Amino acid sequence: MGSKLNLQQVKHKLAVARERYKEFRVYDLGTYAVNRFIAKTGYRIQHDVSYGEAARHSLDLYLTEQPRQGQPLIVFVHGGAWSHGDKKDYRFVGEAFATEGFDVAVINYHLAPSHIFPSSIDDLSLALNYLHAQQQQHQISTQNIVLLGHSAGAFNVMSALYHPTPYALDCKANIRAAIGLAGPYHFDYKGDPLCADAFDQCLHYSHVMPYYFVEANSIKHYLFVAANDTIVHPKNALDFDQALKAKGNHSVIVNIARTGHISLMGSVAHLFSRYFATKKQILAAIDEALA
């Protein structure tokens, strides 16, 4: 009976993994289509800016033509279970916010299984320090930074702030908001069919998850939850929200109706943003954080 049950569990996990894999590939097709219909005016792009020595140490900068007061900078980190994704797929994110008066950096980072935790957070830290050091060269400002991440990217954003060994972020005092879209902040990855390869399976999740390393600061946190998410359980955001508030930090849960794990990100695109609250709520959160 025990062996049969274990076999059933393995089959179930494989089935779940296949379905999730399909969802990510459907999303790839969706981003390709969405990126073909974005505005081409109101911003300019600096492609393939190297923030480090490795090939994946690369970012795209979307520079707005009508910057908001304080010239805020959004740094976006994509999802993909730490094993998939590329900055070129997220032009719709750069366009969505550059046309609203923000400069936007969309970064690449090293992917699993060749690179596991904390490699992707190391890369984000490196990118942030590069942007801060080279802001004059790229005609940006890091005085008002907004960190924005989806799924694994949301985990990376929060882990850059809350990590077993705190990162030396030169611009940390200038981070006004950390916005996570459907982020996994408190879960056990051991044996997970989607992302087990992104973590050391011998390391307990309590030594990894940002939930366990929250410290007090003035950053405003906004944790977006997709109403129909079947990949990341809402408990991740609820737990993290409680941990943040327990330290006296600002934290808000934002529920977005009619979205799933993938469509939450896609709903930011200009083609769909009028039908969903996602982009409007992100802009409201940023306005609050910068006030």
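The values are calculated or read from the model by the stated rules, or taken from the named source; none is laboratory data. Quick caveat: nothing in here was measured; it's all calculated off a predicted structure. No Cβ is skipped: glycine too gets one built from the backbone with ideal geometry, and neighbour counts run over all protein chains shown. Surface areas here come from the heavy atoms of the whole protein model, side chains and all, with no ligands, DNA or RNA. Shrake-Rupley method; radii C 1.70, N 1.55, O 1.52, S 1.80 Å.
Of note:
- Extension gain, Gln201 to Ala257: 0.36 nm times the residue separation minus the Cα-Cα distance gives 16.7 nm.
- Val208 long-range amide H proximity, modeled H, under 5 Å: none
- What you get for segment 106-261, charging only the Cβ of Lys and Arg (+1) and of Asp and Glu (-1), is a dipole of about 500 debye around the Cα centre.
- Taking each residue as 0.36 nm, the span from Glu65 to Gln136 lengthens on full extension beyond its C-alpha to C-alpha distance by 23.9 nm.
- Between amide H atoms placed 1.01 Å from N, distances below 5 Å from Ser83 occur with Ala112, all of them 5 or more places distant or on a separate chain.
- Using a Förster distance of 22 Å, the FRET efficiency for Asp188-Ala227 (Cβ separation, nearest 0.05): 0.40
- DSSP beta bridges in the chain [antiparallel fraction, %, rounded to 5]: 25 percent
- Simple point charges give the picture: +1 on the Cβ of Lys and Arg, -1 on the Cβ of Asp and Glu, and for the chain a dipole about the Cα centre of about 760 debye.
- Accessible solvent surface per residue of the chain, calculated while the other protein chains remain in place, 1.4 angstrom probe, Å²: 45 Å²
- The phi-based Karplus calculation (6.51 cos²θ - 1.76 cosθ + 1.60; θ = phi - 60°) puts the 3J(HN,Hα) values of segment 241-255 at 4, 5, 5, 5, 5, 5, 8, x, 7, 6, 8, 9, 8, 10, 8 Hz, whole numbers, x for Gly and Pro.
- Cα centroids of segment 71-133 and segment 240-291: 18 Å apart.
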